[in-house]
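The structure appears right after this line, and notes come after that.
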Amino acid sequence: MVKQEQRYEIGMVGLGVMGRNLLLNMADHGYSVAGYDVDASKVQALREEAEARDIQGATGLEQMVGMLRTPRAVIMLVPAGPPVDAVVRDLLPHLQPGDMIIDGGNSHFTDTDLRAKTLAEKGILYLGVGVSGGEHGARHGPSIMPGGPKEAYERVQPLFEAIAAHVDGDPCVTYLGPGSAGHYVKMVHNGIEYGLMQLIAETYDVMKRRLGLSDARMHVVYKRWNESELSSYLLEITADILRHVDEKTGKCLIDVILDKAKQLGTGQWTSQDAMELGVPIPTIDVAVAMRSLSAMEEERVAAGKVLLGPVQVFHKPRDPFLEQLRAALYAGMIVTYAQGVALLRHASQARGYGVKLEDVARIWRGGCIIRSALLEHIRSAYRANPDLPNLLVDPYLARELMARQEALRAVVCTAAELGLPAAGLGISLGYYDAYRSAWLPANLTQAQRDYFGAHTYERIDAKGVFHTRWSAD
Ligand code: 6PG
């Protein structure tokens, strides 16, 4: 008979918002779960929230591990970085070979690889699992992106499938690949999240600062956009945000929020690794850069007194322009997903993840922050052609994009004329134009490199590498 104290199916370390909600979600699906946090008040809060559910709060890590069925499975939901190592270190003396640790946080993929290797030497299975969907997702169904040893995943597969979001009865979780595949996919998810948020912010900026639309009007615009092919979680919450009233001032809350964006790092990691692999993801890079620029508030305020922009006023008919803005945003969204997924494709080959892009699109359709109607088309694109080099050349998406390129060009031009920063939309257009260019001016770059550094160049009319003495001195 299973000892009473060893009857819990899964343990959770870290009872912050995500950990607590995931545990409640698991318990609602019939799992017996135990949770622990260094902060005793969080353990107490879990006990209170547990009600009749099969949830146990532990006052110590050892006590929690002692409650678990063997082989054990412990999920950590603690901040990325040193806290993850600290929990692993504290868990280890209480675990046995065959037990499993699951990191459900936003860990850097290289940390996950290192931890998995170190733990494998001790016979401990390690899963790096991306969980997206914030507080609500954790409680009612997140998108789950697991990577690590397949046999480890199979042990928690029924649990993950039960607690994940479901789209048309299909759970938003699947095994993604070995090692850090899950955390890598989650990192790219967040990179795309940064890109989409930047594009939406640019449309908000144009509407607010140049079209002079009220928050109430913008609420209606975004709500309408969200009922179109742009339908997505991020647009849905944008519409909601624009009608949220601040209790303190009675104003729309958005207007009392300081314009300085913070970042925990996943967008930056996406850009860094894309640079490392030589994969262009400029919309995501710009999104990261614009968050950093927004944070330089004092400098911006000072620069605004020195650097003047154009004195243009917006003079176009408003409604047709709003329609162009909507189309431009959709084009930018397609480009952003295309860049992120192109990075995944390359990284999967370079790092041996074997990630199936169709699966990724499928599990991003529900639960996660970047869920959108577009993902259904992205899924179809990779189902039709798993080796598609870039989403932009999928026949359907290419048509969609081409149909909106004029609008994107018009919006980028208008923003430039009006002196508004629309760097995300601009670079999305630049990416589109560069990617479809059979010829690029890189011959000049090569000539310059050879001129100043004897770096050589290739010719169009002969094989091999060449160097020229460009000047007599
Ligand atoms: C999600 C979110 C989640 C978190 C981001 C915030 O998928 O649920 O992406 O992981 O909210 O990490 O990231 P920044 O603080 O960098 O914006």
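The angle between the Cα long axis of helix 374-384 and the main principal axis of the chain comes to about 90°, on a 0 to 90 degree scale. Shape of region 238-349 from the C-alpha gyration tensor: prolate (a/c of 1.5 or more and a/b above b/c, with a ≥ b ≥ c the square roots of its eigenvalues). Beta bridges per DSSP, both residues in region 101-201: antiparallel share near 65 percent.
Fully extending the segment from R399 to E51 would add 120.0 nm, taking 0.36 nm per residue of separation and subtracting the current Cα-Cα distance.
Extension gain for the segment R469 to V17, taken as residue separation times 0.36 nm less the Cα-Cα distance, is 156.3 nm to one decimal. Across region 457-473, coupling constants 3J(HN,Hα) worked out from phi with the 6.51/-1.76/1.60 Karplus curve, θ = phi - 60°, read 8, 9, 10, 7, 10, 7, 7, x, 10, 10, 9, 10, 7, 6, 9, 6, 9 Hz, and Gly and Pro carry x. Measuring against 24 Å, Cα to Cα, the residue pairs K208/K251; K260/K316; K122/K186; K248/K305 contain K260/K316; K122/K186; K248/K305 as the ones spanning a longer distance. Just want to confirm a number: the relative contact order over the chain, from Cα pairs under 8 angstrom separated by 6+ residues, in percent. Once normalised by length, the contact order is 13 percent. For the chain, the C-alpha radius of gyration sits at 1.09 times the compact-globule guess of 2.2 N^0.38 Å, with N the residue count. The modelled label-to-label distance for the pair R383/E161, using points 7 Å beyond Cα in the direction of Cβ, is 1.8 nm. Let a ≥ b ≥ c be the square roots of the eigenvalues of the Cα gyration tensor of region 1-86; is it rounded (a/c under 1.5), or, if not, prolate (a/b larger than b/c) or oblate? Verdict is oblate for region 1-86. Under 1.5 on a/c is rounded, so check that first for region 69-184, then, if it is not, pick prolate when a/b is larger than b/c and oblate when it is not; a ≥ b ≥ c are the square roots of the alpha carbon gyration tensor eigenvalues. It comes out prolate by the Cα gyration axes. Would you please calculate the Kirkwood hydrodynamic radius of region 45-127 over all C-alpha pairs and express it in Å, rounded to one decimal? Result for region 45-127 stands at 13.6 Å. For the chain, the longest principal axis of the alpha carbon atoms and the long axis of helix 395-418 meet at an angle near 60°.
Give me the angle, in degrees from 0 to 90, between the Cα long axis of helix 297-306 and the longest principal axis of the Cα atoms of the chain, rounded to the nearest 10. In the chain, helix 297-306 runs at an angle near 10 degrees to the longest axis. Here the label points at H346 and R209, each 7 Å from Cα along the C-beta direction, are separated by 3.1 nm in the simple model. Note on E323/M296: beta-carbon distance plugged into 1/(1 + (r/R0)^6) with R0 of 35 Å gives a FRET efficiency of 0.55.
Figure legend: label point modelled 7 angstrom from the Cα of L258 along Cα→Cβ; no residues of region 194-219 have amide N under 16 Å from it. Working note: Debye formula, equal point scatterers on the alpha-carbon atoms of region 299-400, no solvent; log10 I(q)/I(0) at q = 0.12, 0.15 Å⁻¹ is -0.57, -0.72.
Here, each number is a calculation from the coordinates, and none is a lab measurement. What you see is a predicted model, and the numbers here were worked out from it, not measured in a lab. Here Cβ is always computed from backbone atoms with ideal geometry, including for glycine, and neighbour counts include all displayed protein chains.
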